[in-house]
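Single-structure report; data block below.
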Ligand SMILES: *Cc1c(COP(=O)(O)O)cnc(C)c1O
């Protein structure tokens, strides 16, 4: 299975933009297959961060001096870029957060204030812990009911279970676009449409979709969309919460402090307009600017070739892995992104992960912050390989060889 000439050139060009990919681990070329945990960073992002600290560092939204104005402009330009990349109606609907976890906590805490005893929240059985625990905390605090949509043995969401749970008490449905453990792409269009029919709002956890799918918020029509910068070629400690303006305007502030206010006195404080109402304190300025650079990088790659390349990696790896005796896959669907979770016989995933690392290959092992999925399959964890645009079929061949070697050592 060769790669087409054009594609090979495209991938080589992309690889050359990621300095870490030429690193050696235990004397071997690094093969990075842990992209669902975090992606690597291109020069565009690394250099932008360096330039900011070398030439532009200053606090924003405050100073009249030149540096402060330039930093403010760059930070707000990053917001505009992200808004247009996501096709949001207005940049004021784009709120900088620390990441997906922070965005979900913001919504659970602030939107949660608008809910009343007996109201219902719905999540699915395949959620990341960060889309479970904030809702559990809220449900407890406000005496709400938390319902969980079940999944099929294949790992796909059970849409009958969803339909059964949905009712006019459902106020918010919070589901992941793509499962970080199973790689399955959920039918979120249908979930959003049906939820809206009963008046429920929908939060989409886009932590695994922003780097693979083209997100068009106007078309999607979800009420909230959250993701982390670090999984989409950007820095850690920065993320985005998109919310529809009319809903964000009704929500109380999440945290109080500088920048989120309009006027403060001991008698009364009034709050700033969107998006600043939800951005208390000095933000992660360089993070926002770095995320802007990451989005620029993503935008520079032809999306069709991107998707096609990742699909071919997924299919090729799946084909090769299937030949391994006693392999069991978790998460099988026609709608899948380039994430594969598996186990081999009774071998503990950590043991395989360790032996792969010795051969320079980074994979993820464990529960992937989705313990309910592990309980569902009655396993302690899985080995997860996840591919990005810069991975190649040659790397998959080397991985398969290394995996076979690890298995042969562990099986005796
Ligand atoms: C990574 C991930 C999260 C959490 O993201 P953080 O960057 O750790 O806040 C949430 N949901 C999914 C689906 C993820 O993959």
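For the reader, a short list of remarks on this structure follows.
- Among (1) within 16 Å of the ligand (Cβ to nearest atom); (2) farther than 30 Å from residue 259 by Cβ - the single one residue 118 does not satisfy: (1)
- Single residue of 87, 105, 116, 9 found to be loosely packed, with under 14 Cβ neighbours inside 10 Å and in a helix (DSSP H, G or I): 9
- Unique residue being within 16 Å of the ligand (Cβ to nearest atom) and more than 30 Å from residue 221 (Cα to Cα) when the list is 34, 29: 34
- Summed over segment 162-185, the residues that are over 29 Å from residue 37 (Cβ atoms) and in contact with a strand residue (DSSP E or B) (Cβ under 8 Å, 6 or more places away or on another chain) give a count of 6.
- All positions within segment 196-250 that are under 21 Å from residue 278 (Cβ atoms), part of a loop (DSSP other than H, G, I, E, B) and within 16 Å of the ligand (Cβ to nearest atom): 206, 207, 210, 215, 222, 234, 235, 236, 237, 238
- Criterion (in a helix (DSSP H, G or I), surrounded by 21 or more Cβ atoms within 10 Å (Cβ to Cβ) and touching a helix residue (DSSP H, G or I) at 6+ places or on another chain (Cβ under 8 Å)) met by exactly one of 321, 356: 356
- Test result for residue 275, closer than 23 Å to residue 52 by Cβ and in contact (Cβ under 8 Å) with a residue 60 or more places away in the chain: yes
- Residue match in segment 91-110 (condition: within 13 Å of residue 174 (Cα to Cα), more than 16 Å from the ligand (Cβ to nearest atom), in contact with a helix residue (DSSP H, G or I) (Cβ under 8 Å, 6 or more places away or on another chain) and assigned by TED's automatic domain parsing to the domain that holds residue 292): no
- Checking every residue in segment 262-278 against the condition of being under 19 Å from the mean Cα position of the chain (by Cα), surrounded by 13 or more Cβ atoms within 10 Å (Cβ to Cβ) and over 30 Å from residue 391 (Cα atoms) gives zero matches.
- So residue 256, is it over 23 Å from residue 303 (Cβ atoms) and either in the same structural domain as residue 162 (by TED's automatic domain parsing) or not in a loop (DSSP other than H, G, I, E, B) (or both): yes
The values are calculated or read from the model by the stated rules, or taken from the named source; none is laboratory data. Computed from a predicted model, the values in this text were never measured in an experiment. Cβ: placed from backbone, ideal geometry, glycine included. Neighbour counts: every protein chain shown.
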